[in-house]
1. Considering (1) more than 25 Å from the chain's Cα centre (by Cα); (2) at pLDDT below 95, say which one Gly9 fails and leave the rest.
2. Hey, could you check the stretch 26-54 for residues that are among the polar types (S, T, N, Q) and exposed (fewer than 10 other Cβ atoms within 10 Å of the Cβ) and say which is farthest from the chain's Cα centre (by Cα)?
3. Which residues, counting only those in the stretch 1-13, are surrounded by 11 or more Cβ atoms within 10 Å (Cβ to Cβ) and β-branched (Val, Ile, Thr)?
4. Scan the stretch 58-70 for residues that are at pLDDT 70 or above and among the hydrophobic types (A, V, I, L, M, F, W, C) and jot them down.
Amino acid sequence: MLILSRKKGQSILIGNNIEIFVSAIDGDQVKIGIRAPQNINILRKEVYETIQLSNIEASKGKIDLALLKNMTRSKKNSEK
């Protein structure tokens, strides 16, 4: 792990195309800006972890076949 100190307005480069900069410091809160290509996903860690847990739970879920069948019927009937 690399730990760096930065002041307001200073930045860190990751590779050739990702820049992390300190936008503001207010007490114990630091505002960070990130410049990266649009194809790079940027998520807060807690959001990423929530998505991962949700995906795991969804993959464990059991499908109610009767409900699915009724939903399919309802869709077909509404298309007529």
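1. Condition not satisfied by Gly9: (2).
2. Only one residue tops the list, namely Gln29.
3. Ile12
4. Hits for the stretch 58-70 are Ala58, Leu65, Ala66, Leu67.
The values are calculated or read from the model by the stated rules, or taken from the named source; none is laboratory data. What you see is a predicted model, and the numbers here were worked out from it, not measured in a lab. Every residue, glycine among them, receives a Cβ derived from its backbone with ideal geometry; neighbour counts consider all protein chains shown.
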